[in-house]
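Novice: Have a look at the structure that comes next, please.
Read the figures in this text as sums done on the coordinates, not as results from a lab. No experiment lies behind these values; they were computed from the predicted model shown. Note that each Cβ is placed from the backbone with ideal geometry, even for glycine, and that neighbours are counted across all protein chains shown.
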Amino acid sequence: MARGARSNDRLDTVLVVACVLAALTLRTLAPVRREPIAQAVRETFVAPLLAGQASVTRSERALREASALRRATDSLTRLAQDAVGLAAENAALRGLLGLAPRVAWGYVTAEALPASTPGGASTRLLSVGAQDSIAPLSPVVTAAGVAGLVATVDARSAVMLTWAHPDFRVSAMSADGSAVGIVTAHTSNRGGEGLLELAGVPFRTLLAPGTAIVSSGLGGVFPAGVPIGTVLRVLSDEGGWVRSYLLTPAVPLPAMSGVLVLRAPRVAAGLDSVWSR
Amino acid sequence: MERRTLGLIVGIAALVVLDLAVLRMLDGRGVLDLLLIAVVAVAGRVRPGVAALTGFVFGLLRDSTAPDAFGASALALSVVAYGVARLSAGAFEERLAATAAVLAVARVVSDVLTVLVAGRIHGTELLVRLVWWAPLGAIVTTVVGVFALRLLPPPADRRRGRR
């Protein structure tokens, strides 16, 4: 009897040690090796749940937007009755309803669902995947501007790096084209989480607080002209050669739920007129 | 299959599905942790080794949605499940205070382990997570967990004790 209990205890210890070792191994695997495992788990067990979650999110947003839609419908009804200047007014109302009509083609709408793991706030799980013709490095935008980019793509879902992710980069310029640089997430032990950093701006170019920063289109990931944020203040001037600026992001993380994922042909065609209105 | 076992499986499955499918949308910071409640419920009813394995599998499900921290939740929930099963052997569900204490400690340990192993947050954000969000998460998870565990069929030992 005692031998049986000891044997069971030994088996328990072996199991817990195996679990801890397996978890540590997964944690230390290179992203290229651990992603297929994560993808297999997601596609097998989490994807069916994700479909339900996405539909609940859509319902929640539909409820939130109900009043705006009702106002739009009322206005459209009045316009239909008046039948004067209908096309122009209709276009204005469509503009109110969001970004999609402006982008017009080459995109897919998605729900960006936050990860529940503590510290996983810089990634989102998208409710679209390879079957929606999106690919790694596809830009993700909202009506306000740059939200992030697609990191990995499964059949029915994808992982997105938000602009808050340490690996996120976008080449940027001031809206008037006078300054160029690279925008990254701002990470500092002295506070300022949730902000962006524009680095590598030539020292002679001074950007005033409130200056709009947009994507420059260099690198080919993001098309030119997508809003990234606005200048908050100078962060540093490294050796009198270049300056870094702290930016307020155009898309706050909490507001990132309904997004558009741009497909490659749309990126190639450019989006100059979409945000410049 | 026994009615009690079926009830337990349905209850645990409901907690897992709610955590992975619905909760994330309502609670971006992960204050309420239904997956942990499910792990504690299982740990109170099975051997420590099986509990650790369950924690590992549940943790892996959560990790798959955040590849940046892949393995962190699996490790944290394995350790928590093993600890709960080893220390309590299901007896904690007999008393309300013991249930609450186990859930609170399990949540804090799980949160701290996950955050440290994931290594994605540092500085003030880490401090805020450990000093503010971890205790707040423990309180919320404990309150909900106490009710959830009462709704699940009791462990076999407790049931025999009542007869």
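Novice: Determine the principal axes of the Cα atoms in segment A:1-47, then give the extent along each, sorted from largest to smallest and rounded to whole angstroms.
Specialist: 47, 24, 9
Novice: Placing one identical point scatterer on every Cα of segment A:106-277 and ignoring solvent, what is log10 I(q)/I(0) from the Debye formula at q = 0.19, 0.20 Å⁻¹?
Specialist: Reported log10 I(q)/I(0), two decimals: -1.20, -1.30.
Novice: In addition: Place a +1 charge on the Cβ of each Lys and Arg in chain B and a -1 charge on the Cβ of each Asp and Glu, then give the dipole magnitude about the Cα centre in debye, rounded to the nearest 20.
Specialist: For this selection, approximately 740 debye.
Novice: Related question: Over segment A:193-246, what relative contact order in percent results from Cα pairs under 8 Å that are six or more residues apart?
Specialist: The value is 41 percent.
Novice: If you don't mind, there's one more thing I want to ask. Please determine, in degrees from 0 to 90 and to the nearest 10, the orientation of helix B:72-88 with respect to the longest principal axis defined by the Cα atoms of chain B, where the helix direction is its Cα long axis.
Specialist: 30 degrees
Novice: Note down the net charge around A:THR211, summing +1 for each Lys or Arg and -1 for each Asp or Glu among other residues with Cβ under 14 Å from its Cβ.
Specialist: +1
Novice: Using only the alpha carbons of chain B, what is the convex hull's orientation-averaged projected area in square nanometres?
Specialist: It is 9.1 nm².
Novice: If contacts are Cα pairs under 8 angstrom and at least 6 residues apart, what is the relative contact order of chain B in percent? Spell out each step's value before the answer.
Specialist: Details: 218 pairs, mean separation 42.6, N = 163.
Taking the mean separation of contacting Cα pairs over the length of chain B, I get 26 percent.
Novice: Then there is this: Give me A:ARG70, A:ARG61, A:ARG124 ranked fewest to most by other Cβ atoms within 10 Å of their Cβ, as a rough exposure proxy.
Specialist: A:ARG70, A:ARG61, A:ARG124
Novice: Right, next: For segment B:43-61 and segment B:81-155, what is the separation of their Cα centres, given in Å?
Specialist: Taking the Cα centre of each part, segment B:43-61 and segment B:81-155 sit 15 Å apart.
Novice: What's the magnitude of the charge dipole for segment A:1-47 around its Cα centre, counting Lys and Arg as +1 and Asp and Glu as -1 at the beta-carbon? Answer in Debye, nearest 20. Mind dumping the intermediate values first?
Specialist: Numbers: 7 positive and 4 negative charges, 31 e Å.
Magnitude of the dipole: close to 140 debye.
Novice: Find the eigenvalues of the gyration tensor of the Cα atoms of segment B:45-107, then list the square roots of 5 times those eigenvalues as equivalent ellipsoid semi-axes, largest first, in whole angstrom.
Specialist: So the three semi-axes of segment B:45-107 are 24, 12, 7 Å.
Novice: I've got another one for you. How many Cβ atoms of partner chains, on average, are near each residue of B:125-134 if near means within 10 Å of its Cβ? Spell out each step's value before the answer.
Specialist: On the way: counts 8, 3, 1, 1, 2, 1, 0, 0, 1, 1.
Average neighbour count from other chains, rounded to a whole number: 2.
Novice: Another question about this same structure. Fewest to most neighbouring Cβ within 10 Å: what's the order for A:VAL128, B:VAL40, B:VAL50?
Specialist: Going from least to most buried by this count: B:VAL50, A:VAL128, B:VAL40.
Novice: Angle check, please: helix B:34-43 long axis (alpha carbons) against the longest principal axis of chain B (alpha carbons), in degrees 0 to 90, nearest 10.
Specialist: 40 degrees
Novice: Taking other Cβ within 10 Å of each residue's Cβ, how do A:SER138, B:SER88 sort, fewest first?
Specialist: Listing A:SER138, B:SER88 from fewest to most nearby Cβ atoms yields B:SER88, A:SER138.
Novice: Given the DSSP H assignment, sum -39500 (n - 2.57) over each helix run of at least 4 residues in chain B and divide by its residue total; what's the result at 222 nm in deg cm²/dmol, nearest 500? Before the final figure, lay out each step's value.
Specialist: On the way: 8 runs with 112 residues, N = 163.
Calculated mean residue ellipticity at 222 nm is -22000 deg cm²/dmol.
Novice: Assuming a ≥ b ≥ c are the square roots of the Cα gyration tensor eigenvalues, decide whether segment A:146-206 counts as rounded (a/c under 1.5), prolate (otherwise, with a/b larger than b/c) or oblate.
Specialist: Oblate shape, in that a/c is at least 1.5 and b/c is the bigger or equal ratio.
Novice: Taking only Cα atoms, what is the 0 to 90° angle, nearest 10, from helix B:48-63's long axis to the longest principal axis of chain B?
Specialist: The angle comes out near 40 degrees.
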